[in-house]
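A.B. asks: To start, I am sharing the structure in question, which I have written as structure tokens.
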Amino acid sequence: MRFDIITVLPDLLQSPFAHSILQRAQKKGIAEIHVHNLREYATNKQKSVDDYPFGGGSGMVMAIPPFAACIEKLKAEREYDEVIFMSPDGKTFNQEIANELSGLNNVIILCGHYKGIDQRIRDIYVTREISIGDYVLSGGELPAAVLVDAVIRLIPGVLNDETSALSDSFQGDLLDAPIYTRPADWQGHKVPEILLSGHEAKINEWRHEQALKRTQERRPDLLK
Ligand code: SAH
């Protein structure tokens with residue numbers, strides 16, 4: 001799967017993809033992440049990518065030409081399944097959308113800044129608008145990193161133990177069960193006995209009960 005992320009702050013997106021699972025996915029050739037500096041597509045002398053809003057008001061608006069140039073260049077190179085705009089007024093991101101996106105081949109992600117982007121970019125190019133929650137960040141880079149991380153770890157072959165993604169919270173209707181590792185006794189705080197029993201069926205049953213209990217307590221909405 002290939003992601004092309006268009007941003008004015010490419011440096012912000014270096015570290016999030018350079019470690020751990022995401023780094024491994026790229027090394028294995030399962031995922032490609034290309035970050036494009038929007039400023040390189042600005043045609044005016046000042047290399048500016050934003051302008052004053054028509055009709056007045058506060059905040060700068062990201063202009064069409066640099067986005068159009070970058071998107072057109074990418075689209076001439078390959079077919080894209082989706083052009084996603086990260087936006088607080090988009091559909092709220094969740095595990096179901098992450099699962100769906102993990103089946104795609106090529107995806108462009110646009111990161112907004114300042115007041116946002118010219119509506120016509122959304123009308124002409126964007127096929128999907130996604131928010132990472134009901135709060136406003138200063139740019140679309142962290143939301144893009146959140147989306148790409150959640151999606152890439154779902155692509156088969158990325159996680160070493162694939163079943164571990166299946167038992168994650170939100171993958172079904174349940175949150176994940178509590179987890180423990182050594183030592184079995186930490187200053188009198190003991191691991192639940194059942195986990196030391198070696199009885200796989202009973203352990204699975206216990207985990208299911210715990211997951212159900214946790215979901216009832218914290219997210220009863222998931223059980224509807
Ligand atoms: N004026 C806009 C917010 C602009 S914030 C509004 O009220 O909707 C600047 C940019 O940050 C946005 O264009 C978007 O790309 C990104 N952004 C901010 N919050 C976000 C969120 N919750 N989810 C996804 N992207 C977000």
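The values are calculated or read from the model by the stated rules, or taken from the named source; none is laboratory data. Small disclaimer: the values here were computed from a predicted structure and weren't measured. Cβ: placed from backbone, ideal geometry, glycine included. Neighbour counts: every protein chain shown.
A.B. asks: If you go through the stretch 181-196 one residue at a time, do you hit one that is of a type in the set (S, T, N, Q) and more than 30 Å from L110 (Cα to Cα)?
C.D. replies: Yes, because at least one residue in the stretch 181-196 is of a type in the set (S, T, N, Q) and more than 30 Å from L110 (Cα to Cα).
A.B. asks: Consider the stretch 1-53. How many of its residues are without any contact (Cβ under 8 Å) to a residue 24 or more places away in the chain and of a type outside the set (D, E)?
C.D. replies: Of the residues in that region, 15 qualify.
A.B. asks: Would you be able to tell me the number of residues in the stretch 83-105 that are of a type in the set (D, E) and more than 16 Å from the ligand (Cβ to nearest atom)? I'd like the intermediate steps shown before the answer.
C.D. replies: Quick first cut of the stretch 83-105, residues of a type in the set (D, E) only: 89, 96, 100.
Going one step further and asking which of them are more than 16 Å from the ligand (Cβ to nearest atom), we end up with 96, 100.
Number of matching residues: 2.
A.B. asks: Since Y80 meets every condition but one in (1) hydroxyl-bearing (S, T, Y); (2) within 19 Å of I33 (Cα to Cα); (3) within 15 Å of the ligand (Cβ to nearest atom), which condition does it not meet?
C.D. replies: Going through (1) hydroxyl-bearing (S, T, Y); (2) within 19 Å of I33 (Cα to Cα); (3) within 15 Å of the ligand (Cβ to nearest atom) one by one, Y80 breaks only (3).
A.B. asks: From the list L154, L159, exactly one residue is more than 16 Å from the ligand (Cβ to nearest atom) and at pLDDT below 95. Which is it?
C.D. replies: Testing whether each residue is more than 16 Å from the ligand (Cβ to nearest atom) and at pLDDT below 95 leaves just L159.
A.B. asks: Looking at L159, L147, which one is surrounded by 17 or more Cβ atoms within 10 Å (Cβ to Cβ) and part of a loop (DSSP other than H, G, I, E, B)?
C.D. replies: Just a single option satisfies the conditions, and that option is L159.
A.B. asks: Against the conditions (1) part of a loop (DSSP other than H, G, I, E, B); (2) surrounded by 12 or more Cβ atoms within 10 Å (Cβ to Cβ); (3) in contact with a Pro (Cβ under 8 Å, 6 or more places away or on another chain), where does S48 fall short? Just the number, please.
C.D. replies: Exception for S48: condition (3).
A.B. asks: Can you find even one residue in the stretch 118-139 that is touching a residue at least 60 places away in the same chain (Cβ under 8 Å) and under 30 Å from S20 (Cβ atoms)?
C.D. replies: yes
A.B. asks: For I109, which of the numbered conditions (1) near the ligand (Cβ under 6 Å from one of its atoms); (2) in contact with a helix residue (DSSP H, G or I) (Cβ under 6 Å, 6 or more places away or on another chain); (3) of a type in the set (A, V, I, L, M) fails to hold?
C.D. replies: (1)
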